[in-house]
């Protein structure tokens with residue numbers, strides 16, 4: 001085994017939009033590779049993401065677009081966990097990620113953390129934000 005990489009499958013051609021959104025919100029993040037489906041190529045619509053990699057604060061992720069309707073999608077039981085250093089940072093990320101999404105645990109003091117939030121973003125990806133100051 002050479003490495004372990006979280007993998008996100010988007011439907012409806014949303015992979016590139018999601019990568020651009022995530023890398024714009026989180027410092028020290030970038031899209032590193034994008035391979036697109038060509039015309040008449042099986043498995044995907046032309047121009048959508050066949051395979052891409054991006055990093056969020058140095059953590060590599062892989063993603064694809066799928067034009068196949070699956071009986072499943074993202075689940076909150078697997079989430080991207082972010083340790084935030086300031087109130088300003090956690091408030092900003094929560095505000096941006098909740099737009100068009102759904103709160104699972106609104107920002108608050110839950111005992112195990114003085115400020116914590118859990119949400120699904122507009123793409124269905126689950127995030128946990130924890131203030132660690």
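Quick notes
- Residues that are touching a helix residue (DSSP H, G or I) at 6+ places or on another chain (Cβ under 7 Å), in contact (Cβ under 8 Å) with a residue 60 or more places away in the chain and buried (at least 16 other Cβ atoms within 10 Å of the Cβ) are absent from the range 56-76 altogether.
- Close contacts from the range 79-99, counting a first residue that is more than 21 Å from residue 19 (Cβ to Cβ) and a second that is at pLDDT below 95, with Cβ to Cβ under 6 Å and a gap of 6+ residues or different chains, come to 83/132; 85/133.
- Qualifying strands (runs of 3 or more DSSP E) (wholly inside the range 21-133; at least 3 residues being closer than 16 Å to residue 8 by Cβ and touching a strand residue (DSSP E or B) at 6+ places or on another chain (Cβ under 8 Å)): 30-36, 49-56, 59-66, 79-84, 126-131
- Residue count for the range 26-55 under the criterion of being in contact with a helix residue (DSSP H, G or I) (Cβ under 8 Å, 6 or more places away or on another chain) and either on the phi > 0 side of the Ramachandran plot or exposed (fewer than 13 other Cβ atoms within 10 Å of the Cβ) (or both): the result is 1.
- From the list 29, 39, the lone residue that is more than 28 Å from residue 71 (Cβ to Cβ) and modelled with pLDDT under 95 is 39.
The values are calculated or read from the model by the stated rules, or taken from the named source; none is laboratory data. Keep in mind the model is a prediction, meaning the values are calculated, not measured. Virtual Cβ from ideal backbone geometry, glycine too; neighbours counted across all protein chains shown.
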